[in-house]
Each structure stands twice: as structure tokens, then as C-alpha cells.
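Laboratory data are not the source of any read-out in this text; all were calculated from the coordinates shown. Quick caveat, the model's predicted, so the values are computed rather than measured. Because the Cβ atoms are built from the backbone with ideal geometry, glycine has one as well, and the counts that use them run over all protein chains shown.
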Amino acid sequence: MAKEELAKTAQSISEDPEEHIGQLGTLAELARSEIVTIRKLAMATQLAVFKDIIPGYRIRPIAERDMSGKVSKEVKKQRAFEQGLLSGYKDYISTLQHCAVGKTSKTVSQQDAQGLATVAISCACALLTSVPHFNNRGDLIGILVKKLAGRNINADFAKCREALEQLFRDDEEGHASLDVVAQLTTMMKKRDYSIHESVLNTFLHLRLLNEFSQKGAPNRIDRREDEDGPKPKFKKEFRTKKERKIMKERKQVEKELKEADATVSYEEKDKNQAETLKLVFIAYFRILKERRQHLMGAVLEGLAKYAHLINQDFFGDVLEALKDLINEAEAALQPNQDENTEDEDELDDAEKRDATRESLLCIITAFALLQGQIDVVKSANSLSLDLSFFIRHLYRTLVPLSMDLDIELSAAKKAHLSDPNGLHVPSTSSRDNKINVSTTAVLLLRSLQSVLLPPISTKNVPPIRVAAFVKQLEMLSLHLPQKSATAVQELLKTVTKTHGKKIAALWYTEERRGDGVFDALGEEVESSNPFASTVWEGEILRHHFDPKVRDAVKVIETNVKEARS
């Protein structure tokens, strides 16, 4: 009986919302039923109805002076519909807020309360992602943020996180994203950043100053894809000279209006994104300052992604913080001589893996800081921004990394038993999460790319640095797993194409420069003496079992040969 009533009421409202908007109260009454199943069905029905009838604009509350003024019958009818919709919508959100808590009562058991909470959270997520422009957005965001603040990491938690990530990806104007970030950062601060890492990772989905709406750019109107395609031909309508003049003037006015609208939209979006970026960086810097170890990976990845947007005045402080993190990571990598139990050895292994990833992310972030801003790179000396510390650390890390059995596994997929009592976030999506799950090999390659092939001043990389890294990477390729070895060789193909002339002596014994021997285990790149050796490892890699590696070796030698000629 209740199902039929829900279906009839929903159909009636959807067919003629303006006429039957008052029936939202019927659905609200059913949502307060003592029967849990009916309450669930009513909430789901309300969700479908609101998604169907909510307009594409935000409803403005009517002022008292507007209520007393005379209006037409159509305007009065429209106002009645909008206010009825707004009233019913507020009541619905209030119901979702109450049910999402999962509170038990005399008539609601723990299991029923959890079921109601799951339905309420699902409805809140669906509303926020489908109609983020509508009224009471902050209340919906509050439901999701409150769930993400909890310690219970379950399917509802993952659903809320993914809803916010989708909102960030789809939000073009930035209003909704700013509201979410404001509530998230406030919640994090109140909890003293005792949150799950995946909550902080949601910031990596923000569209910060890298994409603009098709509506406009600072100085032009972007054309839609279909506008550039072939247009159908129509027979020209005859118009007098006066009519053509009027039409031309009308088109000019429309064009100016579009450009004005685009400029306003751009300025508003820029303002929203600037405020959002400010909140994100405040959270990142506070976590760095307080050394929240479980969040360091997420913070470093976020800083690496948005480094080009950081104010130059903070560069020195950020680099110093990154150096401190690397020093702490190196200390964690040192073997513990006093404790030799099996359990502590396993703990040391876990620390080493985390410390290695952390130090690589620090290197990536440090280079991203400068590479994102051309003027900073040119004035690096005047700003006293020296990246040699990070280059030396990366060089020292290469040999230990070649022996890492988990180099091709992400932090979430290490080939070890997980803690049965640890926190686990179940995946509710078949889509792989590409955030903060980069393998150590990927992080290593990104670091090497920054050091050897910086997008700015690539040709200014010193020959001895290129030669030392190339020599080490060829040696590493003998020990790395198949995919990593292939990736390193692909990187060397680009390096030899760019710097082939600088390092050609490594392939030709008659061109050897320098005395002594190559110091493969040295800590200083400049004193490693790479030109005293040759890349004899290439001869072994010629017989590698993977044909991709063998082919890459041939291309590398060809690049060097062409650079010499």
C-alpha cells in the first residue's frame, strides 16, 4: 500500500510540479513512518522527485517588500512553486541529517539505524553530485564531511569520499569546491588532523587554475567543438539593406554581452580558486609543521601537483621543510643495531618503504616548485634556492632502490600481509584510484625526469651530472624487474637524445676523460668520476630477456652515435 502511494505521489509531482508541489508533504510524512522499510523507500522516492523537479538555478528567498507588491498571476504561481519546493527540500535535508547519524531509539534497532544511515548518506551524495548549484548545499556537504570525520572506515565513508572527488572534478565555477574545502579544512583542524589519508587526497581532484569553462577565457570566447565543424547550408533569406544593418548591430551587441559574461565568469572563478588554493595550502603547511607522519605522502603529492601555484615568498621555507623530511627519512633507513627481533625487522622494512617513497616525493616537490615558474628559475641564485641537496640524495638512493623487491608495487599493494586490525577503506568503484598509489618505480622516474630533463633550462644540466646518473641507471637496469628496466631504458632514450653529445665518451673507450675509477657508491655526484668508466652494462642489456629492453638499448646507442657525428 505504501509503495503504491509513494509511486502515485511521485508520478503526480513529476508530471506537473507547479500544480502538485504541495504533495511533497505526503512524501515527507511517509519518510517519518515508524516502519523502517517505508522510511527508506520514501527517502529514495524523494531523491528521485527532487532530482527531477529542481530547476537549474538557485532560488532566491523572497523579501517582505516583494511579497507585498503586485505581481502577475504567472509570477505568483512561479513563486508559490519555488517556495513550496524550497520548503519541502529543506525538510528532506533535515530528514537526511537526522538519519545519517545512525542513532538508535526505542523503535529503531542498531541494524535498522545503520540501514537508514546508509540510505540517507547515499541520497545526500546523489543530491550533491547531481544538483550542486541548488540551495542548502552547505547542509549536504556537512552530512558527508561529518561521515569523513569519523573513525569508522566503511563503504559509507568511501561513498562520501568519492562523491566529493566527483564534485571537485565536475565543478567548473568553483563555488561548490570552495564550500567543500572550507568545511573539510575546518573539520581537519578541529580533529587536529587525526583523519584518514584518503580524506586529504580528495584535494588532488580539485580543478585549480588548470581548466576553464568553455564559456570564456580572460580575453576571448572559447569555441565549442561542434562550432568548428561543418555547418549545414541554408538558402539565404532576402533582407533589405536596413534589415541587414539592424541584424549586424544585434549580432555585435550579442557578441559584446557574451564577452562581458565570459570576463565576469572568469574573474569569479579565479577568485573562488584562489580562496580554495589558500585553504588547501594552509592545511598542507600545518600538517608539514606538525609532522603528521600518516599524512606526509598525501601532503607531498599535493604540494608536487600544486607547487607551481605556491607564492615565491614561501619557497625557502618549503624547501627547508622538505630537507628536514629527507633527513628524517634517511634516519629511518638506517639499520637498528640494537634490536634484532623478527617483528622489529618487519617494522624496519615498513619504515624503509615509507621513508623511501617520502624522500622521492620530497625531491619531486622541490623541483616542481621551481619548474612551475620561469621567473623563479631565472632568479634562483638571487633567491638562494639550491636544489643540489635533493640531487645528491637521489643519487645516493639509486643503488638501494635497485634492490627493492617492492619497487613495482604501490604503498597499498605491498606483497606482505596486512594488519588485520588496521584501517581498510573498501572500494565501491571499479575505477582504479590513481591518487597516492604511485609505485616506487614511478616516483623514481618522475624524480629522474626532474633532475635530468627539466622542462626549463634542459641544456644547462652539467655533463658530469648526466653522465653519473646515466652510468648508475645502466647498472640499475641489470637488477630491476622487467617493467622498471624497460621504463629506465625509455628514459635513457630521451636523455641520450637530449644530452647525447655531453655523454658520448661513456660509449667510446678512446674518448675516456679523467683518471682513476668510477665511484659507484659515492655520495657526491661531482666527485663520482663517471667519465673514467664506460657503460659496459649496455652489452649485457643487449641480451636481456625482454625484447623492449633490447630494442631500447639499440636506440640509445644510435642516439649517441648521431650526437657524435
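Applying 1/(1 + (r/R0)^6) with R0 = 56 Å to the Cβ-Cβ distance of His294 and Gln252, what FRET efficiency is obtained, to the nearest 0.05? Walk me through the intermediate numbers first.
On the way: r = 59 Å, r/R0 = 1.05.
For His294 and Gln252, the calculated efficiency is 0.40.
Tell me the label-point distance for the pair Glu320, Tyr508, using the 7 Å Cα-to-Cβ offset, in nm and rounded to one decimal.
4.9
Could you state the orientation-averaged shadow area of the convex hull built on the Cα atoms of region 497-553, in nm² to one decimal?
Working: hull surface 20.1 nm².
So the mean shadow area of the Cα hull is 5.0 nm².
Give me Thr104, Thr26 sorted ascending by neighbouring Cβ count inside 10 Å, so fewest comes first. Provide the component values of the computation, followed by the final result.
Details: Thr104 13, Thr26 18.
Result, fewest neighbours first: Thr104, Thr26.
Give a residue-ordered list of calculated ³J(HN,Hα) values for region 47-58 (Karplus: 6.51 cos²θ - 1.76 cosθ + 1.60, θ = phi - 60°; whole Hz; x for Gly, Pro).
For region 47-58, the Karplus-derived couplings read 4, 4, 5, 5, 4, 7, 9, 5, x, x, 9, 8 Hz, x marking Gly and Pro.
How high is the relative contact order of region 461-564, in percent, with contacts defined as C-alpha pairs under 8 Å that are six or more residues apart? Intermediate values should be presented prior to the final figure.
Details: 134 pairs, mean separation 37.3, N = 104.
Once divided by the residue count of region 461-564, the mean separation gives 36 percent.
Ranked by Cβ crowding within 10 angstrom, fewest neighbours first, how are Met187, Met1, Met247 ordered?
Met1, Met247, Met187
Would you please name the trypsin sites (Lys or Arg not before Pro) within region 1-90 that are DSSP coil residues with at most 14 other C-beta atoms within 10 Å of their C-beta?
Working: sites: Lys3, Lys8, Arg32, Arg39, Lys40, Lys51, Arg58, Arg65, Lys70, Lys73, Lys76, Lys77, Arg79, Lys90; in loops: Arg32, Arg58, Lys70.
Passing sites in region 1-90 are Arg32, Arg58, Lys70.
Kindly state, to the nearest 0.05, the FRET efficiency for Lys190 paired with Lys73, given R0 = 41 Å and r defined as their beta-carbon distance.
Details: r = 50 Å, r/R0 = 1.23.
It comes to 0.25.
Can you give the direction-averaged projected area of the convex hull of the alpha-carbon atoms in region 1-113, in nm²? Show your work: numbers first, answer last.
On the way: hull surface 33.5 nm².
Result: 8.4 nm².
Can you give the Rg/Rh ratio of region 461-564, where Rg is from the C-alpha atoms and Rh is the Kirkwood radius?
Ratio of gyration radius to Kirkwood radius for region 461-564: 0.94.
What's the center-to-center distance, using Cα atoms, between region 73-146 and region 11-43 in Å?
13
Which peptide among 134-141, 522-529 comes first, and what is the full order, when sorted by highest mean count of other Cβ atoms within 10 Å?
Details: 134-141: 19.2, 522-529: 15.8.
Those peptides, ordered most packed to least, come out 134-141, 522-529.
Highest mean first, what order results for 313-321, 443-451 on Cβ atoms within 10 Å? Don't jump to the answer; show the numbers that get you there.
Numbers: 313-321: 15.1, 443-451: 21.4.
Final packing ranking: 443-451, 313-321.
Per residue of region 101-118, in order, report the coupling 6.51 cos²θ - 1.76 cosθ + 1.60 (Karplus, θ = phi - 60°) as ³J(HN,Hα) in whole Hz, putting x for Gly and Pro.
Per-residue couplings from phi come out as 5, x, 7, 8, 8, 5, 9, 10, 7, 4, 5, 5, 4, 5, x, 5, 4, 4 Hz.
Kindly provide the trypsin sites (Lys or Arg not before Pro) of region 481-565 that DSSP labels as loop, not H, G, I, E or B, and whose Cβ sees at most 15 other Cβ atoms within 10 Å.
Answer in residue order: Arg512, Arg513, Arg542.
Using a simple spin-label model with points 7 Å from Cα along the Cα→Cβ vector, what separation in nm is obtained for Ser109 and Asn136?
My value for the distance between the label points is 3.1 nm.
Tell me, Tyr508, Tyr395, Tyr92 in order of fewest to most beta-carbon neighbours within 10 Å? Spell out each step's value before the answer.
On the way: Tyr508 12, Tyr395 19, Tyr92 23.
Ascending Cβ contact count within 10 Å gives the list Tyr508, Tyr395, Tyr92.
Could you list which residues have their amide H under 5 Å from that of Gly174, counting only those 5 or more apart in sequence or on another chain, with H placed in the peptide plane?
Here the answer is none, since no amide H 5 or more places off falls under 5 Å of that of Gly174.
For the peptides 285-291, 164-170, 42-48, what is the packing order when you average, over each peptide's residues, the other Cβ atoms within 10 Å and list the highest mean first? Each step should come with its number before you reach the end.
Details: 285-291: 15.4, 164-170: 19.1, 42-48: 21.0.
Ranking the peptides 285-291, 164-170, 42-48 by packing returns 42-48, 164-170, 285-291.
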